[in-house]
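The values are calculated or read from the model by the stated rules, or taken from the named source; none is laboratory data. Treat the numbers as computed from the prediction; the structure is a model and nothing was measured. Every residue, glycine among them, receives a Cβ derived from its backbone with ideal geometry; neighbour counts consider all protein chains shown. For the accessible areas, the whole protein counts, side chains as well, though only heavy atoms, and no ligand, DNA or RNA atoms are used. Shrake-Rupley method; radii C 1.70, N 1.55, O 1.52, S 1.80 Å.
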Amino acid sequence: MSAHYNQFKAMLAITRASLKAVFRSPSAVIFSIAFPLIFILVFGFVGSGGKVSLSIAFAQQTDTLNPIYPSLKKIPSIRIIEKSAQELKEDLEKGRLTAIVNIQKSGLENPPYTIQLSSSEAVNPQNLQVLRSILNAVIAGINQQTFANTPTIALVNSEVEKIPGRVYRTIDFILPGQLGFSLLSAGVFGVAFLFFNLRQQLVLKRFYATPIRRPYIVLGEALSRVIFQMMTAVIIIGVGHFAFKFTLVNGMETFLTIMLLSFIALILFMGFGFIVSSLAKNESSIPPFANLITLPQFLLAGTFFSIDAFPSWLQPLCKILPLTHFNNAMRNIAFEGAGLAACGQELLILGAWTIVVYAVAFKTFKWE
């Protein structure tokens, strides 16, 4: 009889039943859709066009012997980027860089130096204003200490040289992090509670009485989670794009690439859920185990703010976390139009995590 039993149809039947159960679960809807959408709405309304970090570079022809140059390099709130001229131009166009600062001798006795800023349309004007205020504060400090008898050591040109670039909004940073938040929450908490309850309620044991094979049982349940979470991803991206102008550079092509990346990440995150469901002795022990996996990634993986804001000693740890690489790849795809091939490093690390996680999951997974 089992030889004629259609395993694929049985798996789809399990998927349909499990998917209905997911939609009937308030916690699944809240964690997967409501929480990320609340964050998107808050940041979408509050930050209509802000950028996250204040990074600058010095032009190659900058006079480095003046006192302004070393003073700027000592300011903790400014991050100095050192790249080639072409790379800096690309960073300006993509909004990664606030401005390129060019300090030159004026050829006059007063002021001895002039400062020219080069930026792009992708940079938030407020950040440029902050940079200008910092420059003026540095100049004023030097004037008080060294040039008391001189009106000023330098002037910042009122006109900023600008190159074309896409507007980089707060939503372009926040939405990828919230999509990662949703995928990780569903993958870990959803799968952990699902398979723990299936064991506790002897549902898996009842499945054994049917001709369906064990791998199809797992695939059926997992497929329902994948379908639900992909629908969630569509909602999150749709709200971000149409309500808050989340950037999808190449339109539908970018959207489909994001969905494929989300699928890859979800498979990995579900592996963590399998591990948690096997390690938990009772239902109340699932949240502590799950939080050990999710909380560090929510806080340290660039979900809410750039990891560049963390101390340098903490950043290597941030760069190990799989959610960091999902967030980075997502932002590169959405705003810069990168394909999956251009995100090879991120995909390689996600792949390595997948192999390790599922190796542990196969060792620890319990059927009863």
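Show the residue pairs that are 6+ apart or on different chains and have beta-carbon atoms under 8 Å apart, the first residue being within the range 283-312 and closer than 15 Å to His325 by Cβ, the second being basic (Lys, Arg).
Ile307/Lys319
Restricting to the range 293-322, and then to whatever is within 24 Å of Phe195 (Cα to Cα) and touching a helix residue (DSSP H, G or I) at 6+ places or on another chain (Cβ under 9 Å), can you tell me which residue is modelled with the highest pLDDT?
Per the stated criteria, the residue is Pro322.
Can you tell me which residue in the range 72-84 is modelled with the highest pLDDT, limited to those that are outside any loop (DSSP other than H, G, I, E, B) and either of a type in the set (A, V, I, L, M) or crowded, with 19+ Cβ neighbours inside 10 Å (or both)?
By that ranking, first place goes to Ile80.
For the range 241-258, does any single residue satisfy the condition of being closer than 30 Å to Ser133 by Cβ, part of a helix (DSSP H, G or I) and charged (D, E, K, R)?
no
Quickly run through the range 110-126 and pick out the residues that are of a type outside the set (A, V, I, L, M) and either open to solvent by less than 20 Å² (accessible area, probe 1.4 Å) or within 20 Å of Ser306 (Cβ to Cβ) (or both).
Across the range 110-126, the qualifying residues are Pro111, Ser119, Ser120, Asn124, Pro125, Gln126.
Quick test of your reading of the structure: Tyr358 fulfils all but one of (1) out of contact with any Gly (no Cβ under 6 Å at 6 or more places or on another chain); (2) open to solvent by 10 Å² or more (accessible area, probe 1.4 Å). Name the failing condition by number.
All conditions are met except number (1).
Pairs please, first residue from the range 63-83 and in contact (Cβ under 8 Å) with a residue 12 or more places away in the chain, second anywhere and open to solvent by 40 Å² or more (accessible area, probe 1.4 Å), Cβ atoms under 7 Å, 6+ apart in sequence or on different chains.
Asp63/Gln104; Asp63/Lys105; Pro67/Thr146; Arg79/Asp308; Ile80/Lys73
Give me the residue from the range 272-283 that is part of a helix (DSSP H, G or I) and more than 20 Å from the chain's Cα centre (by Cα) and, out of that set, surrounded by the fewest Cβ atoms within 10 Å (Cβ to Cβ).
Out of the qualifying residues, it is Glu283.
Tell me, please, whether a residue that is modelled with pLDDT of 90 or more, touching a helix residue (DSSP H, G or I) at 6+ places or on another chain (Cβ under 9 Å) and under 30 Å from Thr170 (Cα atoms) can be found in the range 85-94.
No, the range 85-94 has no match at all.
Mind checking whether some residue in the range 224-243 is in contact (Cβ under 8 Å) with a residue 40 or more places away in the chain, under 27 Å from Leu97 (Cβ atoms), polar (S, T, N, Q) and in contact with a helix residue (DSSP H, G or I) (Cβ under 6 Å, 6 or more places away or on another chain)?
Within the range 224-243, not a single residue is in contact (Cβ under 8 Å) with a residue 40 or more places away in the chain, under 27 Å from Leu97 (Cβ atoms), polar (S, T, N, Q) and in contact with a helix residue (DSSP H, G or I) (Cβ under 6 Å, 6 or more places away or on another chain).
Could you go through the range 207-222 and let me know if any residue there is among the small types (Gly, Ala, Ser) and open to solvent by less than 20 Å² (accessible area, probe 1.4 Å).
For the range 207-222, residues among the small types (Gly, Ala, Ser) and open to solvent by less than 20 Å² (accessible area, probe 1.4 Å): present.
If I ask for residues that are open to solvent by 10 Å² or more (accessible area, probe 1.4 Å) and within 22 Å of the chain's Cα centre (by Cα), which ones from the range 92-109 would you list?
Glu93, Lys94, Arg96
Please verify whether the range 227-239 includes one or more residues that are surrounded by 22 or more Cβ atoms within 10 Å (Cβ to Cβ), assigned to a helix (DSSP H, G or I) and not hydrophobic (A, V, I, L, M, F, W, C).
Scanning the range 227-239, I find at least one residue that is surrounded by 22 or more Cβ atoms within 10 Å (Cβ to Cβ), assigned to a helix (DSSP H, G or I) and not hydrophobic (A, V, I, L, M, F, W, C), so the answer is yes.
Can you tell me which residues in the range 220-232 are of a type outside the set (Lys, Arg) and within 16 Å of Val188 (Cα to Cα)?
Applying the first criterion (of a type outside the set (Lys, Arg)) to the range 220-232 yields 220-224, 226-232.
Correct list: Glu221, Ala222, Leu223, Ser224, Val226, Ile227, Phe228, Gln229, Met230, Thr232.
Rundown of residues vs (1) outside any loop (DSSP other than H, G, I, E, B); (2) at pLDDT below 80; (3) open to solvent by 60 Å² or more (accessible area, probe 1.4 Å), yes/no style:
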site	(1), (2), (3)
Leu128	yes, no, no
Ile139	yes, no, no
Gln144	yes, yes, yes
Thr150	no, yes, no
